[in-house]
Structures are given as C-alpha cells and as structure tokens.
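J.: What follows is a single structure, and I will ask about it in a moment.
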Amino acid sequence: MEKPFTSLISVQELVESATPSWRIFDCRFRLADPAAGQQAYAEGHLPDALFLDLEEDLSGPTSGLNGRHPLPDPQHLAAKLGSLGVGPDTQVVAYDDTGGMFASRLWWLLRWLGHGKVAVLDGGLQAWAACGKALTTAIPEPTAARFEARLQRDMKVNADYVLSHLDDPEVVIIDARSPDRFRGENETLDPVGGHIPGAINRFFQDNLGPDGRFKQAAQLQEEFGKLIKGGDAHKVVAQCGSGVTACHNLLAMEAAGLDGARLYPGSWSEWCADPARPVATGA
C-alpha cells in the first residue's frame, strides 16, 4: 500500500500517483470578492477537480461574536465531502492560487474531522501551469461516498483558553497576519487593530520561497524552532484574522515535523469582538 500524502504534494507526485479514487479540490477565494473563486474555477481548473467555497462550505454561520470564518458544522461538512466522493480511504488534494492560503484551511478541516489523507498542492495552480499542465472546464460528476466525522477535539482551542493562558510562558501564540496588521496598522478587515497580548508574528507568506512553494522542511523547522525557542509544538496556538491563514502556519509546522500545534479558529476577528479582552499594538 502506498504511503499517503499528509502535508504537501508536488505537481510531479500528483501526476504520477493520482488514481480515479483521489479527490482534488479547488479552494480559490478572494476576501474582497467572494464570488471570484467559483468564477475562476468555471474558467479553468485542474482535471477532475471539484470546487469548495471558503464561506459556503469551509465556514459556518457568523454571529458577529464568533469571528469572520467560524468552523463549519462538522456533520454538514462531512455530508458535503461524502456527496463529493470522499470516503474514509480517499486521498484528498487541495489547491488554490495564493500559495496555499485557502487550501490549507481544507487541509486542517479534514484532519479535524479525523481524515489524515489530505495534502496541499505545493505551489498551487501556478506550479501546475509552470510544469506545462493543462486546465479544463469540465465539471466532474463524482460518485457519492460515506464520510463519517471522527472529530479531533484537541486540535483547537477557544478564546477562554487563550485568555487564561496569556501569562503562561509555555504557551506560544503565533499570529499569521501581515506585520502591519499585527502591529494594529492598516486594519481593513476587522473593527479593531492590534494583536493578542504576547503573540508572536509569523506572516504566513514567510513559509514560502520566491517560487511560491513551501520552503524546505529543514528551513521551516529552524525558523519555527526559533519562534517556539525549542519548546513543545503542542504548546503552540496558531491564529490569524479569522482562522484561515493560521492553518498555513500549521501546515508549514507539520511539513517541518513539528506536529501537534493547535488552532484558535475565532482568531483576531473573534477576540476583538469582545471589548473586555485585552489588545496589544506595535511590534
């Protein structure tokens, strides 16, 4: 039995290893134009790829207090994945055109549902094109499968956990947003600028090399190792603006062999919705 892909997969590995039982998902999205991903998919996508929408499929309803992209209902997501042919043994590959920014959310969600056979296409659509591979407009018609969620509850933490561990030196909070937003500048997505006190900034794009692919595992291990000062990856809490790009940091850590870090799904957009929670600004 071939070893499953559980973090990253290259274009060459996808071409050489994929079978008809695999499921490929296009996760393209634009925060400023939510319809753009579906439109881009219709104009051309990887052969046999299906589309999943960040807000329609990979997020749940917002209340104004639970962040901009709350986690979806696990049973709803499981039913959606099953309807698209994902079963307990299906190898899933996710891609986008933003360096894994949105594909990593699907990667994390599937692992949260207990499905470990999921990988992100390293370099995404651009890497596919750079290898001279064609796109298609054909929409596949998958045979439905039975997908049962086996929820991994220890993969995430909530705001109360973060609040109660702000002074815990062993807990490392890593914020994936851009440095300016982390400092509280140029905040255009959330009503309050700043960051969770004590958080460390690791912009998710710093996980990528100039070619748009993830840096080598050894380099990622060194860089994240410095952030957590050689500590236990299980003590890391990953967050961002709304629980999306934090998954990119979690994927990078996993690729580097630093597994066990947890996601704070509500992230800054949930945190700043309660004025009683402390806010820090600056670097």
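The values are calculated or read from the model by the stated rules, or taken from the named source; none is laboratory data. Because the structure is predicted, anything quoted here is derived from the model rather than measured. All Cβ positions, even for glycine, are placed from backbone atoms using ideal geometry, and neighbour counts span all protein chains on display.
J.: Answer yes if at least one residue in region 82-101 is under 22 Å from residue 17 (Cα atoms) and hydroxyl-bearing (Ser, Thr, Tyr), and no otherwise.
T.: For region 82-101, residues under 22 Å from residue 17 (Cα atoms) and hydroxyl-bearing (Ser, Thr, Tyr): present.
The rows are residues; the columns are (1) part of a helix (DSSP H, G or I); (2) closer than 20 Å to residue 247 by Cβ; (3) within 19 Å of the chain's Cα centre (by Cα).
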{"site": "161", "(1), (2), (3)": "yes, yes, no"}
{"site": "168", "(1), (2), (3)": "no, no, no"}
{"site": "173", "(1), (2), (3)": "no, yes, yes"}
{"site": "180", "(1), (2), (3)": "yes, no, no"}
{"site": "198", "(1), (2), (3)": "no, no, no"}
{"site": "218", "(1), (2), (3)": "yes, no, no"}
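J.: Name the pairs: first residue in region 248-269 and in contact (Cβ under 8 Å) with a residue 60 or more places away in the chain, second residue assigned to a loop (DSSP other than H, G, I, E, B) and acidic (Asp, Glu), Cβ to Cβ under 8 Å, at least 6 apart or on different chains?
T.: 268/190; 269/190
J.: Going by the structure shown, is residue 157 crowded, with 18+ Cβ neighbours inside 10 Å, more than 29 Å from residue 32 (Cα to Cα), touching a residue at least 12 places away in the same chain (Cβ under 8 Å) and not hydroxyl-bearing (Ser, Thr, Tyr)?
T.: Criteria not met by residue 157.
J.: Next question, about the same structure. State yes or no: is residue 5 over 30 Å from residue 189 (Cα atoms) and among the aromatic types (Phe, Trp, Tyr)?
T.: yes
J.: From the residues in region 35-65 that are crowded, with 18+ Cβ neighbours inside 10 Å and among the acidic types (Asp, Glu), which one is nearest to residue 111 (Cα to Cα)?
T.: Among those that are crowded, with 18+ Cβ neighbours inside 10 Å and among the acidic types (Asp, Glu), it is 57.
J.: Out of region 205-216, which residues are surrounded by fewer than 16 Cβ atoms within 10 Å (Cβ to Cβ) and either touching a strand residue (DSSP E or B) at 6+ places or on another chain (Cβ under 8 Å) or not in a helix (DSSP H, G or I) (or both)?
T.: 209, 210, 211, 216
J.: Here's something else I'd like to know. Can you run down the residue pairs with Cβ atoms below 9 Å, 6 or more apart or on separate chains, where the first is in region 3-15 and within 11 Å of residue 213 (Cα to Cα) and the partner is among the hydroxyl-bearing types (Ser, Thr, Tyr)?
T.: Close Cβ pairs (under 9 Å, with a partner that is among the hydroxyl-bearing types (Ser, Thr, Tyr)) amount to 9/17.
J.: In this structure, is residue 280 surrounded by fewer than 21 Cβ atoms within 10 Å (Cβ to Cβ) and either within 30 Å of residue 125 (Cβ to Cβ) or at pLDDT 95 or above (or both)?
T.: It is true that residue 280 is surrounded by fewer than 21 Cβ atoms within 10 Å (Cβ to Cβ) and either within 30 Å of residue 125 (Cβ to Cβ) or at pLDDT 95 or above (or both).
J.: Search region 76-91 for residues that are modelled with pLDDT of 95 or more and pair each with any residue that is surrounded by fewer than 20 Cβ atoms within 10 Å (Cβ to Cβ) and of a type in the set (S, T, N, Q) when their beta-carbon atoms are under 7 Å apart and the residues are at least 6 apart or on different chains.
T.: Listed pairs, sorted by first residue: 85/143; 90/21.
Quick grid of which residues meet (1) over 20 Å from residue 282 (Cα atoms); (2) modelled with pLDDT of 95 or more; (3) buried (at least 21 other Cβ atoms within 10 Å of the Cβ):
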residue: 203; (1), (2), (3): no, yes, no
residue: 221; (1), (2), (3): yes, yes, no
residue: 249; (1), (2), (3): yes, yes, yes
residue: 255; (1), (2), (3): yes, yes, yes
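J.: Which residues, counting only those in region 66-107, are surrounded by fewer than 24 Cβ atoms within 10 Å (Cβ to Cβ), of a type outside the set (Lys, Arg), under 16 Å from residue 49 (Cβ atoms) and more than 16 Å from the chain's Cα centre (by Cα)?
T.: 83, 84, 85, 90, 91
J.: Sticking with this one: Kindly establish whether residue 178 is buried (at least 22 other Cβ atoms within 10 Å of the Cβ), under 15 Å from residue 239 (Cα atoms) and among the hydroxyl-bearing types (Ser, Thr, Tyr).
T.: On the way: buried (at least 22 other Cβ atoms within 10 Å of the Cβ): no; under 15 Å from residue 239 (Cα atoms): yes; among the hydroxyl-bearing types (Ser, Thr, Tyr): yes.
The answer is no for residue 178.
J.: Now for a separate question. For the structure I just gave you, tell me whether residue 117 is more than 19 Å from residue 259 (Cα to Cα) and surrounded by fewer than 24 Cβ atoms within 10 Å (Cβ to Cβ).
T.: Answer is no for this residue.
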